[in-house]
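Asks: Let me give you the structure first, and then I'll get to my questions.
Read-outs: derived from the displayed coordinates by stated rules, not from any lab. Being a predicted model, the structure only gives us computed values, none of them experimental. Ideal geometry is used to build each Cβ from the backbone, glycine not excepted, and the neighbour counts take in all protein chains shown.
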Ligand code: IVH
């Protein structure tokens, strides 16, 4: 390295660039409120990189250029924590939390209520960040609490980890403790990409965060969507911090750390219980996984008086939520046949309480998933149930595999109608080739036909469809309109009144619209939006039934695959007969206004992200589509607008990066109301 003398203006410029970039990072990652446009940021970063290349002495550990990842390590060095990193005691119900508060007050000899800090317990990896004179010196994992691993290179790549503290008056030595985690959205994207590339996917965001931090090659870590949230301090020298835990966190925030925006102060233990309840209800909507709430005595003086037992402080308690992952035994695998013949393996489990309910079935998706998991019947498996999502088998505990574990055999013939099961190359799904001969497909087709967004037949639930088909009273969708009162009342659990109600609902459903009718037919890949486009393009059913694949592809959003399914569907004599029978029974609609006037949002692509509060996602999507917009799942240069609710993450960032207009839910509602929707 040459030792050129650095001109002072270059030194000053480098310093200036440090400050600009540092502030921009803070605004972007910590305040979620970037001021510097991305292109501008990139230009300044490049300028600094060039300066540093010219004068390598300018490269400092806290330089904003040092986040991109460095040469791989052969192993991580050991780090001793001067102040041990403790764990937390757990409470699982209100009584245990009340008991904790009683112990705290007994020890303090206090009859008065104790004030607590309330923070979500993030499900990630505990980290210790050591700053000397405001510069990040070392980042270490918790390890066993006394000795951890030096993962500084990796942690540096995380945007929300300050490399240098903001503001003056920083302590000579400051050890910040916090959690590194992967937000749900980033996790989903990471796994999607991994799956597309045929790579291993991560079981949950925590494992993904841990795996990303454990990389010896920090350039890999740099590509992972990790976040830091600070929740405390360890070693502090050369300064006095505020006297309350929540004030210390505010101070950390001033110095450039992200802290949890849900943090609150509870005046007493009852307020803690209320907070736990409230956040439990909000848990699914949060953009990150949490597994409980941490309550900490807020007064640092009181914390000192309370001290520690074994490995946990007496002044803190984690009040856990019901676990979202549990182990259980895979008793058997059954194969279900869906509306389009898709054969789905379903795991039959030894019942287990997970995510707040007892689960005895979980989906195994398809053959590839069974292979990926390497699961066998008899295995102990980990089940995950988060929110209202269908329970999933996420991994196998191979060490617990019994000797008599059996391989899962994918059926070659439909378990319901014995028709051959077929797989299309390149498609993960295997399908029963029986079509409507297959009772299972028939049942699903009828359920879909009757569903709310299709013919909307009130009172015709899934159970009743099963019963009608099993009793031999119903063989096809058109058969619905031939059901008789005498037959219905014979059914178990069916009174005269509900039978009549069902007949009335059936009668009522005959008056429909062409888009609903097309959707109800259950043509593969024809969802509501496609049905609407088809209806608008052809105006009525006859021209659509005659259309060939080429003409079909002229319809908005219809590509060769959908065109093929539509044409194929209408060519089937069985489908033609069914349609004729339905019309004979009186099913009718008004022709659609063909093409019609240009819709206000036609040609535009919108993206919804984050939580919406007034509308559900599918409602918002429906409204936008009715205005002609296409609603896509990811943001790209082709996106015209993004609607972002609370918790929006990487999609929102991407939109900002690409300078795409962003609106919140209120603005969306205003726009929809202006366009004549009554919401
Ligand atoms: S305080 C002495 N606060 O939970 C107190 N921990 O078993 C030490 N965690 O591994 C921890 N969110 O990584 C604290 N807001 C929070 C937390 C939190 C998550 C993790 C932490 C530790 C574990 C404690």
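Asks: Relative to 2.2 N^0.38 Å, what does the C-alpha radius of gyration of the stretch 565-655 come to as a ratio? Two decimals please. Working shown, then result.
Replies: Numbers: Rg = 18.9 Å, N = 91, 2.2 N^0.38 = 12.2 Å.
Dividing the Cα Rg of the stretch 565-655 by 2.2 N^0.38 Å gives 1.54.
Asks: Restricted to Cα positions, what overall size does the stretch 509-561 have along the principal axes? Three whole-Å values, descending.
Replies: 33, 20, 14
Asks: Binned at 5 Å from 0, what are the whole-percent values of the Cα-Cα distance distribution for the stretch 387-504, short to long?
Replies: Pairs per bin, as whole percents: 2, 9, 14, 15, 14, 13, 11, 9, 6, 4, 2, 1.
Asks: Right, here's the next one. Post the alpha-carbon centroid distance, the stretch 234-259 to the stretch 32-52, in whole angstrom.
Replies: Centre-to-centre (Cα) distance: 29 Å.
Asks: What Kirkwood hydrodynamic radius do you get for the stretch 213-322 when you take the inverse of the mean 1/r over all pairs of distinct Cα atoms, in Å? Intermediate values should be presented prior to the final figure.
Replies: Working: mean 1/r = 0.0613 Å⁻¹.
Averaging 1/r across every pair of different Cα atoms and inverting gives 16.3 Å.
Asks: A follow-up question, please. If you line up the long axis of helix 665-674 against the longest principal axis of the chain, both from Cα atoms, how many degrees apart are they, to the nearest 10?
Replies: Taking the Cα atoms of the chain, the angle to 665-674 is about 40 degrees.
Asks: Sorted by average packing, counted as other Cβ atoms within 10 angstrom per residue and highest first, what order do 284-295, 667-678 take?
Replies: Highest to lowest by the protection proxy: 284-295, 667-678.
Asks: With a ≥ b ≥ c taken as the square roots of the eigenvalues of the C-alpha gyration tensor of the stretch 251-291, please select rounded if a/c is under 1.5 and otherwise prolate if a/b is larger than b/c or oblate if it is not?
Replies: Because a/c hits 1.5 or more and a/b fails to exceed b/c, the stretch 251-291 counts as oblate.
Asks: Using a 10 Å cut-off on Cβ atoms, rank the peptides 305-311, 60-66 from the highest mean neighbour count down.
Replies: Details: 305-311: 12.6, 60-66: 17.6.
Ranked from most to least packed, the peptides come out as 60-66, 305-311.
Asks: Classify the chain: rounded, prolate or oblate, from the alpha-carbon gyration tensor (a ≥ b ≥ c, eigenvalue square roots; a/c under 1.5 rounded; otherwise prolate if a/b is larger than b/c)? List each step's numbers first, then the result.
Replies: Details: a/c = 2.12, a/b = 1.68, b/c = 1.26.
Taking the square roots of the gyration eigenvalues as a ≥ b ≥ c, the chain is prolate.
Asks: Using only Cα atoms and rounding to the nearest 10 degrees, what angle (0 to 90) does helix 439-450 make with the longest principal axis of the chain?
Replies: It is inclined by approximately 80 degrees.
Asks: Along its principal axes, what span do the Cα atoms of the stretch 321-382 show, with the longest given first and each in whole Å?
Replies: 38, 25, 17
Asks: I've got another one for you. Calculate how steeply helix 560-571 sits against the longest principal axis of the alpha-carbon atoms of the chain, using the helix alpha-carbon long axis, and give the answer as 0 to 90 degrees to the nearest 10.
Replies: Roughly 20 degrees, rounded to the nearest 10.
Asks: Ignoring everything except DSSP H segments at least 4 long, calculate the 222 nm mean residue ellipticity for the chain; use -39,500 (n - 2.57) per segment, divide by total residues, nearest 500. Let's see the in-between values first.
Replies: On the way: 24 runs with 239 residues, N = 679.
The helix-only estimate for the chain comes to -10500 deg cm²/dmol at 222 nm.
Asks: On the first, second and third principal axes, largest extent first, how far apart are the outermost C-alpha atoms of the stretch 274-364 in Å?
Replies: Dimensions of the stretch 274-364 along the principal axes of its Cα atoms: 66, 29, 18 Å.
Asks: How would you rank 484-497, 457-470, highest first, on the average number of other Cβ atoms within 10 Å across their residues?
Replies: Values: 484-497: 11.9, 457-470: 16.5.
Taking the mean over residues of other Cβ atoms within 10 Å, the ranking is 457-470, 484-497.
Asks: I need to check one value: relative contact order of the chain, counting alpha carbon pairs closer than 8 Å and at least 6 residues apart, in percent.
Replies: Relative contact order for the chain comes out at 9 percent.
Asks: Please list the radius of gyration and Dmax for the stretch 317-459, considering alpha-carbon atoms only, with Å as the unit.
Replies: Spelled out, the Cα radius of gyration and Dmax of the stretch 317-459 are 17.3, 59 Å.
Asks: With a ≥ b ≥ c taken as the square roots of the eigenvalues of the C-alpha gyration tensor of the stretch 530-589, please select rounded if a/c is under 1.5 and otherwise prolate if a/b is larger than b/c or oblate if it is not? Write down the numbers at each step before the final one.
Replies: Details: a/c = 2.60, a/b = 1.54, b/c = 1.69.
Verdict is oblate for the stretch 530-589.
Asks: How big is the shadow of the Cα convex hull of the stretch 105-217, averaged over all directions, in nm²? Show your work: numbers first, answer last.
Replies: On the way: hull surface 43.1 nm².
Value for the stretch 105-217: 10.8 nm².
Asks: Here is a further query. So if I average 1/r over every pair of distinct C-alpha atoms in the stretch 11-157 and take the inverse, what Kirkwood radius in Å does that give? Don't jump to the answer; show the numbers that get you there.
Replies: Details: mean 1/r = 0.0519 Å⁻¹.
By the Kirkwood definition, the hydrodynamic radius is 19.3 Å.
Asks: If you don't mind, there's one more thing I want to ask. Sequence gap at least 6, Cα distance under 8 Å: using those rules, report the relative contact order of the stretch 581-675 to the nearest whole percent.
Replies: Values: 124 pairs, mean separation 26.4, N = 95.
Contact order relative to length: 28 percent.
Asks: What Kirkwood radius, in Å to one decimal, follows from the Cα pairs of the stretch 456-531?
Replies: Working: mean 1/r = 0.0744 Å⁻¹.
After inverting the mean inverse Cα-Cα distance, the result is 13.4 Å.
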